[in-house]
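Report on the structure given below.
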Amino acid sequence: MTRWGICLMAGLMVLAICSVVHGRTWRVERDGSGDYTVIQQAVNAASSGDTIQIGPGRYTEITPFTWGDVIVWLDGTKSLTFLGAGTDATIIGPAVFPDPSPYNDYGFGCTYGDVTIRVENLRIENQSWCGLAMFNREVILLDCVIDYCFYGASIREPVSNLTIQSCQFINGPYLGASTAIWCEAPHAEIRDTLIENYLLGFSGDSTGATDVLVTGCRF
């Protein structure tokens, strides 16, 4: 093969690798200027490795199941990144907590799967059961606010790695029972995070979390 052919082959390989690593960005905008106006529509269209960029607005559209109603439902087959426009701009959940509570509302829910779900820079609020209920391999939560959710984040087996950084878990709706972070992941890092007005801030001592670092946090 000529030198030019080798260079061309190398260039094509780099482009292929970059396309796999970076994936596509799907835009969800309430005003219709993006690819979709509903988050779940973007999730359904996305491929593993893609990013879903969520614009300002309140998102309340649910996917109903016999066991509950989920605003962002993930089937465990795709690694996805969700990027909001800010914790006061992109809001997942209704404006008012359901009363009487049905205890079956979820902001984000991911079933079993060898995938990574990353959620950044948005607010999840007024969920009668879980802000996030995750059963996938890895969960990353950055710069988010979880407000008035019975469980802020329920990170269940078989999740193996949990990272929470620069977040706020605030205003558990029932101070006698609410838990900010329920963690069964054996490896967990919680950094620079505020946990306020919950009965339990972090529960992991008897649920499988054996390698845990909590640093720079305020309870």
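Computed with a 1.4 Å probe on the full set of protein chains, the accessible area for Leu162 sits at about 10 Å². Judged by the mean number of other Cβ atoms found within 10 Å, the most tightly packed of the peptides 103-113, 124-134 leads the ranking 124-134, 103-113. The angle between the Cα long axis of helix 3-22 and the main principal axis of the chain comes to about 10°, on a 0 to 90 degree scale.
Could you look at the chain and say what percent of its accessible area is carbon and sulfur, using a 1.4 Å probe and all protein chains?
Numbers: 5630 of 10350 Å².
About 54 percent, which is the carbon plus sulfur part of the accessible surface.
Starting from the Cα-Cα distance between Thr111 and Asp35, subtract it from 0.36 nm times their residue separation and give me the gain in nm to one decimal.
Numbers: separation 76, 0.36 × 76 = 27.36 nm, distance 2.52 nm.
Working it through step by step, the gained length comes to 24.8 nm.
Since only Val214, Ile54, Pro173 are under comparison, the one whose Cα sits farthest along the positive direction of the charge dipole of the chain, derived from C-beta charges on Lys, Arg, Asp and Glu, is Ile54.
Under a 1.4 angstrom probe, counting protein chains only, how are Tyr59, Tyr148 ranked by accessible area, largest first? Could you put the intermediate results ahead of the total?
Values: Tyr59 0, Tyr148 80 Å².
Output order, biggest surface exposure first: Tyr148, Tyr59.
Rounded to whole Å, the principal axis extents of the Cα atoms in the range 175-219 read 27, 22, 10, largest first. Under 16 Å from the 7 Å Cα→Cβ point of Leu200, by amide nitrogen: which residues of the range 147-164? Of the residues in the range 147-164, 149-157 have backbone N under 16 Å from the label point off Leu200.
What you get for the range 104-219, charging only the Cβ of Lys and Arg (+1) and of Asp and Glu (-1), is a dipole of about 80 debye around the Cα centre.
Segment Thr77..Ser48, full-extension length gain: 9.7 nm, with 0.36 nm per residue of separation and the alpha-carbon distance subtracted. Counting only DSSP H runs of at least 4 residues, each contributing -39500 (n - 2.57), and dividing by the residue count of the chain, the helix-based mean residue ellipticity at 222 nm comes to -4000 deg cm²/dmol.
Which percent of the Cα-Cα distances in the range 116-219 go past 17 Å?
Of all Cα-Cα distances in the range 116-219, 44 percent exceed 17 Å.
Against the set (1) -0.72, -1.11; (2) -0.62, -1.04; (3) -0.62, -1.15, the structure's computed log10 I(q)/I(0) by the Debye sum over Cα atoms at q = 0.12, 0.16 Å⁻¹ falls on (2). Computed over protein heavy atoms with a 1.4 Å probe, the accessible surface of the chain works out to 47 Å² per residue. Taking every Cα-Cα distance in the range 31-134 and sorting them into 10 Å bins from zero, the calculated P(r) comes out as 15, 50, 30, 4 percent.
The values are calculated or read from the model by the stated rules, or taken from the named source; none is laboratory data. Being a predicted model, the structure only gives us computed values, none of them experimental. Every residue, glycine among them, receives a Cβ derived from its backbone with ideal geometry; neighbour counts consider all protein chains shown. Note: accessible area is taken over every heavy atom of the protein model, side chains too, but ligands, DNA and RNA are not part of it. Shrake-Rupley method; radii C 1.70, N 1.55, O 1.52, S 1.80 Å.
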